[in-house]
1. Hey, any hits in region 8-21 for a residue that's over 16 Å from the mean Cα position of the chain (by Cα), at pLDDT 95 or above, surrounded by fewer than 21 Cβ atoms within 10 Å (Cβ to Cβ) and in a strand (DSSP E or B)?
2. Just to be sure I understand, how many residues within region 131-165 are small (Gly, Ala, Ser) and either farther than 19 Å from residue 33 by Cα or touching a Pro at 6+ places or on another chain (Cβ under 7 Å) (or both)?
3. Could you go through region 85-102 and let me know if any residue there is more than 13 Å from the chain's Cα centre (by Cα), open to solvent by 70 Å² or more (accessible area, probe 1.4 Å) and within 25 Å of residue 169 (Cα to Cα).
4. Please determine, by comparing only the residues of region 22-39 that are over 17 Å from the mean Cα position of the chain (by Cα) and farther than 12 Å from residue 119 by Cα, which one is surrounded by the most Cβ atoms within 10 Å (Cβ to Cβ).
5. Do you know which of the residues in region 104-125 that are open to solvent by less than 30 Å² (accessible area, probe 1.4 Å) and either within 20 Å of residue 174 (Cα to Cα) or in a loop (DSSP other than H, G, I, E, B) (or both) is modelled with the lowest pLDDT?
6. Among the numbered conditions (1) outside any strand (DSSP E or B); (2) touching a Phe, Trp or Tyr at 6+ places or on another chain (Cβ under 7 Å); (3) hydrophobic (A, V, I, L, M, F, W, C), tell me where residue 133 comes up short.
7. Just wondering, is there one or more residues in region 64-83 that are of a type in the set (Lys, Arg) and touching a Phe, Trp or Tyr at 6+ places or on another chain (Cβ under 6 Å)?
8. What are the pairs with Cβ atoms under 7 angstrom where one residue, in region 118-144, is without any contact (Cβ under 8 Å) to a residue 24 or more places away in the chain and of a type in the set (A, V, I, L, M, F, W, C) and the other, located anywhere, is outside any loop (DSSP other than H, G, I, E, B) and open to solvent by less than 10 Å² (accessible area, probe 1.4 Å)? Sequence gap at least six, or different chains.
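The values are calculated or read from the model by the stated rules, or taken from the named source; none is laboratory data. Model, not experiment: these values are computed from the prediction. With ideal geometry, Cβ positions are generated from the backbone for all residues, glycine too; neighbour counts draw on all protein chains shown. For the accessible areas, the whole protein counts, side chains as well, though only heavy atoms, and no ligand, DNA or RNA atoms are used. Shrake-Rupley method; radii C 1.70, N 1.55, O 1.52, S 1.80 Å.
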Amino acid sequence: MKRGANVGLTREIPGLRGVVLGVRFLAGAEQTLADNLVVAAILCDARIKALSDRHFVFFNQLTSSDLSVRQLEQVLGADNEQIEVDLDLVPAEVFRIVVVLYVNEGAVQRRSLGQLRSCSIRVLNLDDNVELVRSEDLAAGLTRETGLALGELYRHNTEWKFKVLGDAYAGGITQIAADYGVAL
């Protein structure tokens, strides 16, 4: 799927109870870049702001406070990182779950997402790991950016949909946190 495209997940699969959001990236020979990439999920309200700092799921907080979203410690398949979402447990006040990628200490180490050879996000059915959606290569066109909003799982009326974002941030996690209202 291209940037900006979306799909109705629960409309297509009425019994869908959960998904795994898988992030794949290839840094090539730049292993230190790969070691410093962080995948995170932000649980947002209707204003697209994090409900609280406890609704920011990343390496220091592997599970949301309501237990609906968790970063998997053991990744299946070719993904570098995976985030599991139990749709039945997501609180009603959560309207969007945004998945972001950022370089930890990127500016300090002179690393950027422009060094990536490829980057994509995909959606898997939690029950059988069947791939439902895969984004286009989101690394194309990146230069000095150190943050990237990959995609979002969001409510639309009574359905869950997924949208590919591909929004780059020159200011990395600091700028992402400011946009989504997360205190660092």
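1. Yes - at least one qualifying residue is present in region 8-21.
2. If we filter region 131-165 for residues that are small (Gly, Ala, Ser), which is where we start, we get 135, 139-141, 147, 149, 151.
Still in the running and either farther than 19 Å from residue 33 by Cα or touching a Pro at 6+ places or on another chain (Cβ under 7 Å) (or both): 135, 151.
Summing the residues that are small (Gly, Ala, Ser) and either farther than 19 Å from residue 33 by Cα or touching a Pro at 6+ places or on another chain (Cβ under 7 Å) (or both) in region 131-165 gives 2.
3. Step one: filter region 85-102 for residues more than 13 Å from the chain's Cα centre (by Cα), giving 86-95.
Among the residues that remain, those that are also open to solvent by 70 Å² or more (accessible area, probe 1.4 Å) are: 88-89, 92-93, 95.
Remaining after also requiring within 25 Å of residue 169 (Cα to Cα): 95.
Checking region 85-102: at least one residue is more than 13 Å from the chain's Cα centre (by Cα), open to solvent by 70 Å² or more (accessible area, probe 1.4 Å) and within 25 Å of residue 169 (Cα to Cα).
4. Residues of region 22-39 over 17 Å from the mean Cα position of the chain (by Cα): 27-33, 35.
Then drop every residue that is not farther than 12 Å from residue 119 by Cα, which leaves 29-33, 35.
Details: 29: 9, 30: 14, 31: 9, 32: 11, 33: 20, 35: 10.
Here the residue is 33.
5. As a first pass, look at region 104-125 and keep what is open to solvent by less than 30 Å² (accessible area, probe 1.4 Å): 106, 112-113, 116, 119-125.
Filter again for either within 20 Å of residue 174 (Cα to Cα) or in a loop (DSSP other than H, G, I, E, B) (or both), leaving 106, 112-113, 116.
On the way: 106: 51, 112: 91, 113: 94, 116: 94.
Per the stated criteria, the residue is 106.
6. That leaves (1) as the condition not met.
7. The initial filter retains those residues of region 64-83 that are of a type in the set (Lys, Arg), namely 70.
From what's left, touching a Phe, Trp or Tyr at 6+ places or on another chain (Cβ under 6 Å): none.
Scanning region 64-83 turns up no residue that is of a type in the set (Lys, Arg) and touching a Phe, Trp or Tyr at 6+ places or on another chain (Cβ under 6 Å).
8. Taking only residues 6 or more apart or on different chains, the pairs are 130/124.
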